[in-house]
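J.: Could you have a look at this structure, given as structure tokens, before my questions?
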Amino acid sequence: MNSTIMGFGIAGNFAHHLEQAGESADFVDVVVDEADAPKGIFPTFIPNSETFLNVYPFSSKRIQSLEDANIQMEPEVALLCDVTYENGKVKTLTPTHFGAYNDCSIRVEGAKKISHKKNWGIDSKGISKTLLPIDSFKPGSIMDHYSLTSFIKRDGKLIQYGENSELLGYSYFYDKLINWIISKLNTQKDTGPLEDLLSLIKKADYPKQLLISIGATRYTEFGETNYLKKGDILYVIVYDHTKHSHEQIKQMIEDEDFAQEDISVLQKTVY
């Protein structure tokens, strides 16, 4: 990943994830246009920032644990987007690639901003080395055929961590998502757990690309109730479900032998 790319994440774009993560109370005062609308956008990496968010957090191999901190994997899809500006505001946002992402998060009550739970230094975020090209970010495109699944291998045992979910299960997707993101980047203010995004983009000198994780899927019972431990091996996989079954994906993990096409794999070890 290029260190000039700015990182953002979306909160609440998959039904019931915030409740499972114990974070729904953070957004009780956030006004949304629709009941299923995402709650807002948070920064994960800001080049040239004078805050902790200037630390490059993305890794394709490792996740840094913290002493006395409860950390959960957040399996997501990330979009690599080209961005243009006009009169100091975002004009266009064009997704060019997508892939497996881990928006790993600290679970702590009372954090002032979402970003305070997201970047605690190097290796605190996960992005696959394999990002898949997007033909068109519209219905009928390649992403119609993709699903997202996640596992954890603990003490040699492979356990499902997040539900196997089709990407079309996101609350906001395609044009509706892009239009919403552009609006929020231009209008979201510093309020409650959210931050003024346009001022952050300005500080980053209007980057030409944004990496945007579009929301974590629902947890399994194990994922909801278990935090990460040193030695855990994490897997987030985005795959074409018209070509690979979920059982085949699981077997690929067991065999450590992944398909070379139509799949984005993020495999990380907690240290």
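J.: Report in % the part of the accessible area of the chain that belongs to carbon and sulfur, leaving out ligands and nucleic acids; probe 1.4 Å. Could the numbers behind the result be given before it?
T.: Working: 5590 of 11960 Å².
Here carbon and sulfur together make up 47 percent of the probe-accessible area.
J.: For the range 169-225, what is the charge dipole size about the Cα centre, in debye to the nearest 20, if Lys and Arg each add +1 at the Cβ and Asp and Glu each add -1 at the Cβ?
T.: About 240 debye.
J.: What does the charge add up to near residue 81, with Lys and Arg as +1, Asp and Glu as -1, over the other residues with Cβ less than 13 Å from its Cβ?
T.: Spelling it out: positives minus negatives among the neighbours equals +1.
J.: Based on the mean of other Cβ atoms within 10 Å per residue, sort peptides 243-252, 70-79 so the most packed one is first.
T.: Values: 243-252: 14.5, 70-79: 25.8.
Listed from highest to lowest mean packing, they are 70-79, 243-252.
J.: Further, regarding this structure: May I have the pair-distance distribution P(r) for the chain, computed from all Cα-Cα distances with 5 Å bins from 0 and rounded to whole percent?
T.: Pair shares across the bins are 1, 6, 14, 19, 21, 18, 13, 6, 2, 0, 0.
J.: Sort 174-180, 123-129, 98-104 by the packing proxy (mean of other Cβ within 10 Å over each peptide's residues), most packed first. Could the numbers behind the result be given before it?
T.: Working: 174-180: 16.6, 123-129: 23.9, 98-104: 27.0.
Ranking the peptides 174-180, 123-129, 98-104 by packing returns 98-104, 123-129, 174-180.
J.: Additional query: Choose one of 3, 182, 44: the residue whose Cα lies farthest towards the positive end of the charge dipole of the chain (beta-carbon charges +1 Lys, Arg; -1 Asp, Glu; about the Cα centre).
T.: It is 3.
J.: Per DSSP H run of n ≥ 4, the term is -39500 (n - 2.57); total these for the chain, divide by its residue number, and report the mean residue ellipticity at 222 nm rounded to 500 deg cm²/dmol.
T.: Values: 5 runs with 40 residues, N = 271.
Result for the chain: -4000 deg cm²/dmol, rounded to the nearest 500.
J.: Taking the Cα centre as origin and putting +1 on Lys and Arg beta-carbons and -1 on Asp and Glu beta-carbons, what dipole magnitude results for the chain, to the nearest 20 debye? Mind showing how you got there, number by number?
T.: Values: 28 positive and 38 negative charges, 154 e Å.
Dipole about the Cα centre, nearest 20: 740 debye.
J.: Another question, then. Skipping prolines and chain starts, which residues have an amide H placed within reach, meaning under 5 Å, of the one on residue 130, given they are 5 or more residues away or on another chain?
T.: Sorted by chain and number, the residues that satisfy this are 265.
J.: Another question about this same structure. Provide the per residue accessible area, probe 1.4 Å, for the chain, rounded to a whole number of square angstrom. If you can, show how the numbers build up before the last one.
T.: Working: 11960 Å² over 271 residues.
Per-residue value: 44 Å².
J.: Which one, 225, 270, 245, projects farthest toward the positive side of the charge dipole computed for the chain from Cβ point charges (K/R +1, D/E -1)?
T.: 270
J.: About its Cα centre, how strong a charge dipole does the range 64-213 have in debye, to the nearest 20, once Lys and Arg get +1 and Asp and Glu get -1 at the Cβ? Mind dumping the intermediate values first?
T.: On the way: 19 positive and 19 negative charges, 57 e Å.
Value, rounded to 20: 280 debye.
J.: How much length is gained if the chain between residue 138 and residue 187 is pulled fully straight, taking 0.36 nm per residue apart and subtracting their Cα-Cα distance, in nm to one decimal?
T.: 15.2 nm
The values are calculated or read from the model by the stated rules, or taken from the named source; none is laboratory data. Note that this is a predicted model, so its numbers are computed, not measured. Using ideal geometry, Cβ is built from the backbone for each residue, glycine included, and neighbour counts are taken over all protein chains shown. Quick note on the areas: whole protein, heavy atoms, side chains included, nothing else; ligands and nucleic acids left out. Shrake-Rupley method; radii C 1.70, N 1.55, O 1.52, S 1.80 Å.
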